[in-house]
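Read the structure below first, then the notes.
The values are calculated or read from the model by the stated rules, or taken from the named source; none is laboratory data. Just so we're clear, the structure is a prediction, and the values are computed from it rather than from any experiment. Cβ sites come from the backbone with ideal geometry, for glycine too, and all protein chains shown count toward neighbours. Side chains included, ligands, DNA and RNA excluded: accessible areas come from the protein's heavy atoms. Shrake-Rupley method; radii C 1.70, N 1.55, O 1.52, S 1.80 Å.
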Amino acid sequence: MSPTDPTPGPPGGSSLGHHPLPGGRHSLSDVLSGERLGGLLLLAGAAVALVWANSPWRGTYAGIAETVVGPASLHLDLSLATWAADGLLAVFFFVVGLELKREIVAGTLRDPKTAAVPAIAAVGGMALPAAIYTVVVLVSGVDALHGWAVPTATDIAFAVAVLAVVGKGLPVGLRTFLLTLAVVDDLLAITIIAIFYTADLAVLWLLAALPLVLLFAVLARLRPVSGATRVVVLVVMAAAAVVAWAMVHESGVHATVAGVVLGFTVPAVARRGEALSPSERYEHAVRPWSAGLALPVFAFFAAGVSVVDAGGLGSVLGQPVALAVVLGLVVGKVFGIMVVTTLVARLTPLEIPQGLRPSHLLGVSLLAGIGFTVSLLISELAFEPGEMQDGAKVAVLVGSLISAVLASVVLTLQRRALRDDPVLETRAQL
């Protein structure tokens, strides 16, 4: 779905997850693709992990997370937690790649006039949190500058899920702004992971992955087929994707980048005689697995921090790294976005979408402080397992929760104020 479509759909993408079956019924995949349920499953995975990791049975949780599976001969003997972060999360990033491609080719990012302000705001919403984190860490004297990117990310799935719950009746322009901002944020976050959090780079492995990516791209461009041919095509595509992922993993680049690259190879425009583009078809097929399995399982393994063993929540949040992350998400995100948006609107000919004023964007700016999935991933990439990583993860959860609560309050108040603003009320299509 283009963000200008008034019908709610999956974040940043098409509304395919909401197409009912004949008779108005919804399939299981339709339900799992829904924004609200996806956000709830993500939250549930994190909640179960936190409770278990701080219970008397936390040793069992740690044992499961550290269980190693996979062939050592292929260097894929990884812990279950690593499989969730490197493997399952690649499915989520494949969907992100599909969304990014579609927005760039046929969505809001195609029109510079529509995309300019939220895109520039996204940069401000990443730069200020990074600056706040850096200042706090430097003042504290802790050697943790490599975690500067932890508070820069926005969790598009979680943010749009919150907007879907509390944003009914608000102007569609707010959703447009959030989706465009989050898409640009995702693109920048992926770039940061690829450039700043890549281990020793083995170029030969990346080159070896290219033919498989090209094979995947060619097969993704085939017109829909049925029967045995369809099964063969899907099996070959899946095999090419898995082997390409393994090669990117071996190269030292974080393996989730493979998911984004594969998503970018899928055509985003429907061809003559086709109702849906290949990108929409593949997203419809993969999104339920991303929302219903990959993200909740990743959250389950990533959010399981034992604050009991660390001396309690107060002790963990008292760490300079934790303070820097919370301030970055809660303060840096909202001020970075609001200040940049205001300056751009006043000093340039660019306009905020749908004629909104900067003050209307406060709730959306707070939503951008929900870091969650990508911030948890960067926490694992930036820090070795231990005190700093645990502090960063707890801070991501706390900062995201504070941002979500504040955003819900502000958006609810804005919705009530909408009744007194007839101009905005005409645009209330969410």
Given (1) without any contact (Cβ under 8 Å) to a residue 40 or more places away in the chain; (2) more than 30 Å from residue 150 (Cα to Cα), index of the condition residue 242 fails: (2)
Residue 119 vs. criteria open to solvent by less than 20 Å² (accessible area, probe 1.4 Å), touching a helix residue (DSSP H, G or I) at 6+ places or on another chain (Cβ under 8 Å) and not hydroxyl-bearing (Ser, Thr, Tyr): no
Complete set of residues in the stretch 67-87 that are touching a residue at least 24 places away in the same chain (Cβ under 8 Å) and assigned to a helix (DSSP H, G or I): 74, 80, 81, 84, 85, 86, 87
Failed item in (1) small (Gly, Ala, Ser); (2) open to solvent by less than 20 Å² (accessible area, probe 1.4 Å); (3) under 19 Å from residue 239 (Cα atoms), with residue 70 passing the rest: (2)
Matching option when the condition is closer than 30 Å to residue 82 by Cβ, touching a Leu at 6+ places or on another chain (Cβ under 7 Å) and at pLDDT 90 or above, among 238, 244: 244
Sole residue being within 30 Å of residue 366 (Cβ to Cβ) and free of Cβ contacts under 8 Å to residues at least 12 places away in the same chain, chosen from 259, 312: 312
Residue in the stretch 277-287 that is within 25 Å of residue 198 (Cα to Cα) and surrounded by fewer than 21 Cβ atoms within 10 Å (Cβ to Cβ) present: no
Check on residue 287, within 17 Å of residue 88 (Cβ to Cβ), basic (Lys, Arg) and in a helix (DSSP H, G or I): yes
Flag for residue 215 being out of contact with any Pro (no Cβ under 6 Å at 6 or more places or on another chain) and under 30 Å from residue 406 (Cα atoms): no
Selection status of residue 327, in contact with a Phe, Trp or Tyr (Cβ under 8 Å, 6 or more places away or on another chain) and either in a helix (DSSP H, G or I) or of a type in the set (Val, Ile, Thr) (or both): yes
Every residue from the stretch 247-260 that is in contact with a Leu (Cβ under 8 Å, 6 or more places away or on another chain), part of a helix (DSSP H, G or I) and of a type in the set (Val, Ile, Thr): 248, 256, 260
Complete set of residues in the stretch 347-363 that are open to solvent by 70 Å² or more (accessible area, probe 1.4 Å) and of a type in the set (Ser, Thr, Tyr): 359
Single residue of the stretch 99-120 satisfying the filter (in contact with a Gly (Cβ under 9 Å, 6 or more places away or on another chain) and small (Gly, Ala, Ser)) that is nearest to residue 280 (Cα to Cα): 107
Among the residues listed as 47, 90, the single one being part of a helix (DSSP H, G or I), of a type in the set (A, V, I, L, M), modelled with pLDDT of 85 or more and surrounded by fewer than 23 Cβ atoms within 10 Å (Cβ to Cβ): 47
Identity of the residue in the stretch 152-162, part of a helix (DSSP H, G or I) and modelled with pLDDT of 80 or more, that ends up most open to solvent (accessible area, probe 1.4 Å): 162
Qualifying position, being in a helix (DSSP H, G or I), open to solvent by 70 Å² or more (accessible area, probe 1.4 Å), modelled with pLDDT under 90 and among the basic types (Lys, Arg), among 272, 223, 230: 230
Condition met for residue 344 (within 12 Å of residue 121 (Cβ to Cβ) and surrounded by 24 or more Cβ atoms within 10 Å (Cβ to Cβ)): no
Condition check for residue 116: at pLDDT 85 or above and closer than 30 Å to residue 347 by Cα: yes
Scan of the stretch 374-392 for residues that are in a loop (DSSP other than H, G, I, E, B) and under 14 Å from residue 322 (Cβ atoms), ordered by number: 383, 386
Verdict on residue 426 being modelled with pLDDT of 85 or more, of a type in the set (S, T, N, Q), open to solvent by 30 Å² or more (accessible area, probe 1.4 Å) and at negative phi: no
Single condition residue 346 does not satisfy, out of (1) within 30 Å of residue 112 (Cβ to Cβ); (2) touching a residue at least 12 places away in the same chain (Cβ under 8 Å): (2)
Filter pass, residue 209 being touching a residue at least 40 places away in the same chain (Cβ under 8 Å) and either in contact with a Gly (Cβ under 9 Å, 6 or more places away or on another chain) or surrounded by 13 or more Cβ atoms within 10 Å (Cβ to Cβ) (or both): yes
Only listed residue being modelled with pLDDT of 85 or more, under 18 Å from residue 62 (Cα atoms) and touching a Pro at 6+ places or on another chain (Cβ under 9 Å), chosen from 328, 332, 391: 391
Pair list, Cβ < 6 Å and 6+ apart or interchain, from the stretch 264-291 residues that are free of Cβ contacts under 8 Å to residues at least 12 places away in the same chain to residues that are surrounded by fewer than 20 Cβ atoms within 10 Å (Cβ to Cβ) and assigned to a loop (DSSP other than H, G, I, E, B): 270/276
